Amino acid sequence: MTRRRGSAVPVAVALAIGLLVLLAGPLLLPDPDRADFAGLLAGPSAAHPLGTDQLGRDLLSRLLHGGRLTIGLSLFAVLLTGAVGVAVGMLAAVTGPFGRLVMRLVDVLAAIPVVLFGLLAAVVLGPGTGSLLVAVTAIAWTPFARQVYLLTLAEIGREYVTAARALGAGPVRVLGGHVARNLAPPLAAHACVRFASTLLTVSGLSFLGLGVQPPVAEWGAMVAEGREYLFTAPQVVLVPSAAVVLTAGIALWWGRRWDRVGAR
């Protein structure tokens, strides 16, 4: 057990440093929207550590600014959909036939592709951050609801729930004070997986032109803007693409760790 905690410390420190750089780094870097037509598609240098893009904008500055937006939108979407999904799943688990009917509706909604919601939101609201949030939150609560529903059904039949009820605990206290505590590890693991999926969706919709619009820095939009220069200046595509893959990979790694905690 001690060895596992110790092995997690360097990773936690690295994540803390990465978060600090993501939040404070843009304050020390050039304006991400400032063009320099004398330095188009320049390679890495002291002035521009990752080079510049097709408009001469500093790639590192745009990467960090874009990271705050991409990660921020993904985190907000996961927290919002997680809260809705947990509430729906728990209520469905304790309301009998009505809850089972609700879960059938959840199954239907879960079968609808997120990209379809992205297209509908873009048509109704127009491409932008608002339609992107609608696309990634409209049905993304359904996986949380299904998981919480099944986990809650399993937990409410356990002896500690029976004992809590015998001692006079009401449904709210049983669910919020006892059941929810045991659901935390698997929910944390699921949230990490959903964060990775949402991050890819946010970036993918922006890449397709349905989300964040240029010149705003966002990882998916950066890839879309630079794809024409993949062979002449690959950094404009590889840098934001690597950021998406690395961030999603870290989230999945943390999800596996939480899954092991829940298993123990």
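The values are calculated or read from the model by the stated rules, or taken from the named source; none is laboratory data. Every value quoted in this text rests on a predicted model; they were computed, and no experiment measured them. Heads up, the Cβs are rebuilt from the backbone with ideal geometry, glycines too, and the neighbour counts pull from every protein chain shown.
Structure data summary
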item	result
Boolean, Gly168 is over 24 Å from Asp58 (Cα atoms) and modelled with pLDDT under 90	yes
Some residue of region 124-145 being modelled with pLDDT under 70, closer than 30 Å to Gly72 by Cα, surrounded by fewer than 19 Cβ atoms within 10 Å (Cβ to Cβ) and not β-branched (Val, Ile, Thr)	no
Residue check, Ala233 among the small types (Gly, Ala, Ser), surrounded by fewer than 22 Cβ atoms within 10 Å (Cβ to Cβ), more than 15 Å from Gly67 (Cα to Cα) and at pLDDT 90 or above	yes
Residues of region 26-41 satisfying the condition of being hydrophobic (A, V, I, L, M, F, W, C), at pLDDT 85 or above and either surrounded by 15 or more Cβ atoms within 10 Å (Cβ to Cβ) or within 11 Å of Arg62 (Cβ to Cβ) (or both)	Ala35, Leu40, Leu41
Failed item in (1) modelled with pLDDT under 70; (2) surrounded by fewer than 19 Cβ atoms within 10 Å (Cβ to Cβ); (3) in a helix (DSSP H, G or I); (4) of a type outside the set (Ser, Thr, Tyr), with Val174 passing the rest	(2)
Tally, over region 208-236, of residues that are within 21 Å of the chain's Cα centre (by Cα) and in a helix (DSSP H, G or I)	6
Out of Ala47, Ala122, Ala77, sole residue that is among the aliphatic types (A, V, I, L, M), in contact with a helix residue (DSSP H, G or I) (Cβ under 8 Å, 6 or more places away or on another chain) and more than 15 Å from Leu199 (Cα to Cα)	Ala122
